[in-house]
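Structure below; questions to follow.
What follows is calculated from the coordinates using simple rules that are stated; it is not laboratory data. What you see is a predicted model, and the numbers here were worked out from it, not measured in a lab. Neighbour counts are summed over all protein chains in view; Cβ atoms, including those assigned to glycine, are modelled from backbone coordinates with ideal geometry.
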Amino acid sequence: MTEVVAQRSGDSARYDVRAALGRFWPAFTFIALAIVVPWLFFDWSKGRHSGFVISLVSQMGVMSIFALSFNMQMGQAGLLTFGHAVFLGLGGYATIHALNAVASGLFWLPVELMPLVGGISGLIFATIFGYMATRQTGTAYAMITLGFGELVSAAAVMFNGFFGGEGGVTANRMIKTSFLGLSYGPAIEVYYLILFWTVLSAGVMLLLTQVPLGRMANACRDNSERAQFVGYDPRRVRFYQCAISGFFAGIAGALYAINYEIVTYDAVSAVLSANVLLMTFIGGIGVFWGPILGAVLITLLQSWMSLLSGAWVIYVAVLFVVMVIYAPGGIAGLIMAHLPIWRSGRLATLAVPYLRIVMPSVTGIIGFAGLVELTYSASIGKGQGRALTLFYHVIDTSSLLPWFVTAVLFALGIALAASQRVQFLESWAAVAEETRVKEPCR
Amino acid sequence: MELLLVTLLNALVYGMLLFMLASGLTLIFSMMGVLNFAHASVYMIGAYVAYQISRTVGFWPALVIAPIACGVVGAAVEIYGLRKAHRNGHISELLLTVGLALLIEKGVQMIWGLAPVPYRVPAALDFTLFSMYGTNFPAYRGFMLLISLFMFLAIWLLLTRTRIGLIIQASLTHSDMVSALGHNVPRVYTTVFAGGSALAGLAGVIGGNYLVTEPAMAFTMGPIVFVVVVFGGLGSLLGCLIASIVMGLVQSFAVVFDVSPADLLTYLGVAVTPMTPFAEVLSVPLPRVSALLPYLLLVLILIFKPRGLMGTRDT
C-alpha cells in the first residue's frame, strides 16, 4: 500500500495550479456562486438582505455537509444508515450547551471554532456507536442504526437535563467571542461562517476519498473477502469510516445550532434521518458531489414547493421511488452518463428520442400532480378551509370533470411514455456505445 | 394475580396480532433477503380499507375484501417494483420499500386525513365474553385470538403439508436449486409477497379497530415487527411465533409494572437522590421506557445474537 501512496503523492506533486483549476473549475464556480448568491437577492431600496434567501442558502450549506457525511457511509462504505441524524443532533446539543457555557464565562471559545465542538462530540458518539454497530453490514447494520436512532430520539424527549425535553435547548450565538470581531447577529455573517465550514469539510471529505482509508472503504463495500485477503480488516475500515462520518455530521449539527439558536428533538429524529437519505440518494451516491446536489435541490423543493403545495412530500417520495428503480445513480449519475456523449459532441442526436419520451412523461406528471392536488384539497385542504386554484380559477373538487381530465392525462401520458421506453433505451445505448468506442479511456 | 391473568390474556392477543404481521415478513425476509419496510404500511392500508368498506357494506365483507386488496397491492409491488430494483442489489430493494412506506403514509394522510378515523368494533362482537376478577374480557379480543390461531394453523398446514408449501420452504434456503428443478421461483416470490401482504392486511382489519387507525400506525408497528422477525430468527415460523408472544408479554407487562431502576436500588439499600449521578436516567419508570424496549432489543439482538432465537443463519 505504501508504494501506491508514494505513487499517488508523486502524481499529485506534478499538479500545478492551472491543472487544479482545470479539473476543479466547476467546484470553484459553485463556491463563487455561493458567495455571490445572497447579494443577488439584496434589496437595494431598503438596504437589507432577503431573509428567506439567506436562511435557505444557510440550510443548504448545513444539509450539504450532512449529506456528504451520510454518503461517507452510504456511498463510499456501502453502509445504509437510518439513524444518521443522531450525530447531527448530538453535535447540535453539545454546541448549544457550549454556547451557553461560553456565554456564562465557563471557558472561552470563539464562535468560529464552535463547529469543532459539534464535530468532536459527533466523533465521540460515532466511535461508541460504530464500535458496536460496524460488526454488521447491509440490512443488519441498517436495522441497528434504526434502533439506535429511535433510542436516542426517545431519550431526547425523556431526559430533560441535557435535551431540554419537548421545548429543546436554546442559546444566543452573539457571545462576543470572535477571531474576526464579528457579532454574528446578522444572518449573513452566519451564512459566510457556514459556507466556510462547508467548503472546508467538503474539501477534507474529498481528500478522504483519495487516501488509503477511503479506497479501502470502497474495496470493502465491493468485495469484503478480497479486501481481507489484501490484509485489511473490513470491520475496522467500516468503524473508521463511521466515526469520521459522525465527526462531519457533528460539524453540520453545530452549524445547525448556531444558525437556529435552538436544538430540539427534531434534530435527532427519524424524519431528519430519512430526509438525508432522500437527499443523498436523489442527488447521487456514486459521485462525490452528488449529495451536495441533492441537498441543494431538496432543500429548495422543501422551502419553495411547500409554499405551493401541501403535498410536496408525495412528490419527493415518488421521485425517490422512481429513482431507486430506474436511476440508482441519482441525478449526478445521470449527468455523468451523459458527459462522454456531450464531450464527443453527439448529445444533439439524442434530442429527438428525448423529446419523444419527455413530452408524454410531462403530460403524465401533470396528470399525476393534478390528481394529487385534487385529493389533497378534497381532504386536508378542505379541513384547513383552502380552495384549489389554478390560474386564478377556483376548482370545484366535488365535480367529476377535473378528476376525469387529470386521470386521462395521467393514464395517457404514462402509457405513451411506456410505449416509447424501449425505443428510447435502444437509441440511447447506441449513442453511448459509439462514444465509448471513440473514447476508450473514459 | 388477577392483574397477571388479565395482562397475560392481553399479551396473548397482542402477540398473536404481531405474529400475523411478522409471519409474512419473516417468509419474505428469509426468502428474498429484503427487509420489507412497507410491510407495516400494508397493515395500515388493510385497516383503512376495512374502515372504508365497513362504513358502507359492513365488517364481515371487509374481513375478506381488505386482505385480498392488500395481497394485490403486495403482488404489484413485487412485480413492478422489487423485481426491477433487484438488479441493483439488496440495498436498492430496501430503499424502494422505504420509499413506498413514506409514500403510503403520505397517501393515507392525504385520502383519510391526519386524524384517527372512527373504525369501530362491529356491533355483533361488541359484548363482554366473560368477567374475571371484575375485569371484562371483550368478545372481540376472543375473536381476534380465534382468527389468529386459525391463521397460524392454516399457514402451518400450508407450509408443511402441501406441495406449494414444500416449494416455498425449499426456496427459503436453496432458491437456485429450486429454480434448476424447473419451478418458477420469481412466481414463488410473488406468491409469498402477496400472501404476506394479505396477512398483514388481515392483521390491519382486526387490529385497526382494536388499536387505533391513524396514519402513524405503520410507523409505531413497523419496528416492533422487525424486532420480532430478527428475534425469531430467519426462516423459522416457530421462532417467529415464540418471539411474537414474548414481545407481546414484554410490551404488556412493561406498561403494567410501575417500577424504575431507582426503586430497585432503594430496595437493595442504596438511596437515589437528585444528587446521585445519572439520577434522571435511574428514576425513569418502566412504563415510560416500554416504548423504547423494542428498539433496545433490536440493537442488542443484532449486535450479540444476529442469528435470533431459532434462526439457521445470520440476519
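Over all residues in A:149-159, what is the mean tally of Cβ atoms on other chains that come within 10 Å of each residue's Cβ?
On the way: counts 1, 8, 6, 1, 1, 6, 4, 0, 2, 7, 4.
Going residue by residue through A:149-159 and averaging, the value is 4.
When the convex hull of the Cα atoms of the protein assembly as shown is projected onto a plane and the area is averaged over all directions, what value comes out in nm²? Could you put the intermediate results ahead of the total?
Working: hull surface 159.9 nm².
Its average projected convex-hull area is 40.0 nm².
Okay, moving on. Could you work out, residue by residue across B:32-41, how many beta carbons of other chains sit within 10 Å of that residue's beta carbon, and then give the average as an integer? Let's see the in-between values first.
Working: counts 0, 2, 1, 6, 0, 3, 0, 0, 0, 0.
For peptide B:32-41, the averaged partner shielding equals 1.
Taking H placed 1.01 Å from N in the peptide plane, check which residues at least 5 places from A:G168 or on another chain put their amide H under 5 Å from its amide H.
A:Y265
Counting only residues 5 or more places away or on other chains, whose amide H sits under 5 Å from the amide H of A:L79 once H atoms are built in the peptide plane?
Under 5 Å from the amide H of A:L79: A:M74.
Whole-Hz Karplus ³J(HN,Hα) for the range A:398-413, in order, using 6.51 cos²θ - 1.76 cosθ + 1.60 and θ = phi - 60°, x for Gly and Pro?
8, 7, 7, 4, x, 4, 5, 4, 5, 5, 5, 4, 4, 5, 5, x
Test of understanding: ordering B:K106, B:K84, A:K176 by Cβ neighbours within 10 Å, fewest first, what list do you get?
With the sparsest Cβ surroundings first, the list reads A:K176, B:K84, B:K106.
Can you work out the FRET efficiency for the pair B:R120 and A:L308, with r the C-beta to C-beta distance and R0 = 45 Å, to the nearest 0.05? Walk me through the intermediate numbers first.
Working: r = 38 Å, r/R0 = 0.84.
The calculated FRET efficiency here is 0.75.
What is the extension gain from A:A32 to A:T127, computed as 0.36 nm multiplied by their sequence separation minus the C-alpha to C-alpha distance, in nm to one decimal? Walk me through the numbers before you get to the answer.
Details: separation 95, 0.36 × 95 = 34.20 nm, distance 3.53 nm.
Full extension from A:A32 to A:T127 adds 30.7 nm.
With the Cα gyration tensor of chain B in hand, convert its eigenvalues to equivalent ellipsoid semi-axes via √(5λ) and list them largest first in whole Å.
On the way: eigenvalues 225, 130, 76 Å².
Semi-axes (√(5λ), whole Å): 34, 26, 20.
Can you compute the modelled spin-label distance between B:L300 and B:T128, with each label point 7 Å from Cα toward Cβ, in nm?
Result for the modelled spin labels: 3.8 nm.
Using mean Cβ contacts within 10 Å as the protection proxy, how do B:304-311, B:114-121, A:397-404, A:312-319 order, highest first?
The packing order, highest mean first, is A:312-319, B:304-311, B:114-121, A:397-404.
Let me ask something else about it. Per DSSP H run of n ≥ 4, the term is -39500 (n - 2.57); total these for chain A, divide by its residue number, and report the mean residue ellipticity at 222 nm rounded to 500 deg cm²/dmol. Don't jump to the answer; show the numbers that get you there.
Working: 18 runs with 323 residues, N = 442.
Calculated mean residue ellipticity at 222 nm is -24500 deg cm²/dmol.
HN-Hα J couplings of the range A:19-34 from phi, Karplus 6.51/-1.76/1.60, θ = phi - 60°, integer Hz, Gly and Pro as x?
3J(HN,Hα) across the range A:19-34, in whole Hz: 5, 5, 4, x, 7, 9, 4, x, 5, 5, 4, 4, 5, 4, 4, 4.
Here's a follow-up. What is the local net charge at B:H86, summed over the other residues whose Cβ is closer than 11 Å to its Cβ (Lys, Arg +1; Asp, Glu -1)? Present the calculation step by step, with values, prior to reporting the outcome.
On the way: positive: B:R83, B:K84, B:R87; negative: B:E78, B:E93.
Net charge in that neighbourhood comes out at +1.
First select every other residue whose beta carbon is under 14 angstrom from the beta carbon of A:A227; then total the charges, Lys and Arg +1, Asp and Glu -1. The partial results should precede the final answer.
On the way: positive: A:R215, A:R221, A:R226, A:R235, A:R236, A:R238; negative: A:D222, A:E225, A:D233.
Its environment carries a net charge of +3.
Also: Apply the Karplus curve 6.51 cos²θ - 1.76 cosθ + 1.60, θ = phi - 60°, to the phi angles in the range B:21-38 and return the couplings in whole Hz, x for Gly and Pro.
Karplus values, whole Hz, x for Gly and Pro: 6, 6, 5, x, 5, 4, 4, 4, 5, 6, 7, 9, x, 9, 7, 7, 5, 8.
How large are Rg and Dmax for chain A when calculated on the C-alpha trace, in angstrom?
Final numbers for Rg and Dmax: 24.1, 73 Å.
How far is it, in nm, from the label point at B:L181 to the one at B:A154 when both lie 7 Å from their Cα along the line to the Cβ?
Label at B:L181, label at B:A154, 2.6 nm between them.
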